[in-house]
Amino acid sequence: MEYDPISHVTCRLQQESGRKLILNQLEQSQTYAGMLEGVPDKKANDWGIDVDLRRAAHREYTLGEPHLISPRRRDYQHEPGDREQARERRSNYPEEWEMDPEWIPLICCIGCFKSFPPAHDQEKDGSCLTVVWYQDDYALPIDAEVLQSLKQLDWDCLATDFEY
């Protein structure tokens with residue numbers, strides 16, 4: 001992300017295609033904030049991602065469908081091997097509760113980006129896209145892997161045009 005003198009904040013991103021994006025809004029929350037007990041698994045993570053995508057679809061600046069940058073999935077929370085600690089804590093649970101723990105990065109980010117000119121209709125003023133991604137810590141900075149994915153997004157295919 002680069003400094004944008006017009007907005008007077010670090011919010012500009014240039015894609016590999018040359019298109020310039022402005023991060024208009026960024027919402028962040030803890031991925032597992034609502035999890036009261038236990039450890040996440042694939043089913044819980046898929047459900048949580050779906051909830052986050054629906055939340056993103058209702059953001060003030062969202063037009064069109066939000067785009068998901070698929071999160072890294074891993075069988076440990078912080079470092080390789082800590083999965084065994086989760087298994088030990090669950091050793092007293094009934095066998096049918098046995099599941100394979102799976103974690104995704106701990107912070108959900110919902111970013112609303114805009115760009116000028118529009119992606120489709122040259123009569124419009126610009127285009128926008130809401131993107132959902134996950135990273136290990138609060139932004140800024142945006143995780144390097146996610147930043148690379150943002151630079152490679154097919155903006156013309158994913159974005160929605162708007163007019164003021």
Subject >> Selection from the stretch 124-164 of residues that are part of a helix (DSSP H, G or I) and within 25 Å of R74 (Cα to Cα) >> reply: A144, E145, V146, L147, Q148, S149, L150, K151, Q152
**OP:** Taking Q28 as meeting all but one of (1) more than 22 Å from P105 (Cα to Cα); (2) modelled with pLDDT of 80 or more; (3) surrounded by 13 or more Cβ atoms within 10 Å (Cβ to Cβ), write down the number of the exception.
**Re:** (1)
Original post:
Taking strands (runs of 3 or more DSSP E) that fall entirely within the stretch 1-54, which contain at least 1 residues that are under 14 Å from the mean Cα position of the chain (by Cα)?
Top reply: 20-30
Original post:
When only residues in the stretch 119-139 that are exposed (fewer than 14 other Cβ atoms within 10 Å of the Cβ) and either within 13 Å of the chain's Cα centre (by Cα) or among the acidic types (D, E) (or both) count, which is nearest to S29 (Cα to Cα)?
Top reply: Y138
Original post:
Restricting the search to the stretch 18-47, which residues are over 16 Å from L129 (Cα atoms) and touching a residue at least 60 places away in the same chain (Cβ under 8 Å)?
Top reply: Q28, S29, Q30, T31, Y32, V39, P40, D41, K42
**OP:** Please find, among D121, D50, the residue that is of a type in the set (D, E) and at pLDDT below 95.
**Re:** D121
Original post:
Out of (1) over 14 Å from F113 (Cα atoms); (2) out of contact with any helix residue (DSSP H, G or I) (no Cβ under 7 Å at 6 or more places or on another chain), what's the single condition that is false for V39?
Top reply: (2)
**OP:** Looking for whichever is modelled with pLDDT of 95 or more and in contact with a Pro (Cβ under 8 Å, 6 or more places away or on another chain) here; the options are P105, P40, P66, P101. Which one fits?
**Re:** P105
**OP:** Test G81 against the stated conditions and say whether it is in contact with a strand residue (DSSP E or B) (Cβ under 7 Å, 6 or more places away or on another chain), modelled with pLDDT under 95 and not hydrophobic (A, V, I, L, M, F, W, C).
**Re:** no
Original post:
Would you say I6 is more than 14 Å from C128 (Cα to Cα) and either buried (at least 16 other Cβ atoms within 10 Å of the Cβ) or modelled with pLDDT of 90 or more (or both)?
Top reply: no
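Residues checked against (1) touching an Asp or Glu at 6+ places or on another chain (Cβ under 8 Å); (2) small (G, A, S):
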| site | (1), (2) |
| --- | --- |
| D4 | no, no |
| T10 | yes, no |
| L23 | no, no |
| E27 | no, no |
| A33 | no, yes |
| P40 | yes, no |
| N45 | yes, no |
| A57 | yes, yes |
| E60 | no, no |
**OP:** Could you list all residues from the stretch 47-79 that are among the β-branched types (V, I, T) and loosely packed, with under 15 Cβ neighbours inside 10 Å?
**Re:** V51
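The values are calculated or read from the model by the stated rules, or taken from the named source; none is laboratory data. Note that the structure is predicted; figures quoted are calculated from it, not measured. Cβ: placed from backbone, ideal geometry, glycine included. Neighbour counts: every protein chain shown.
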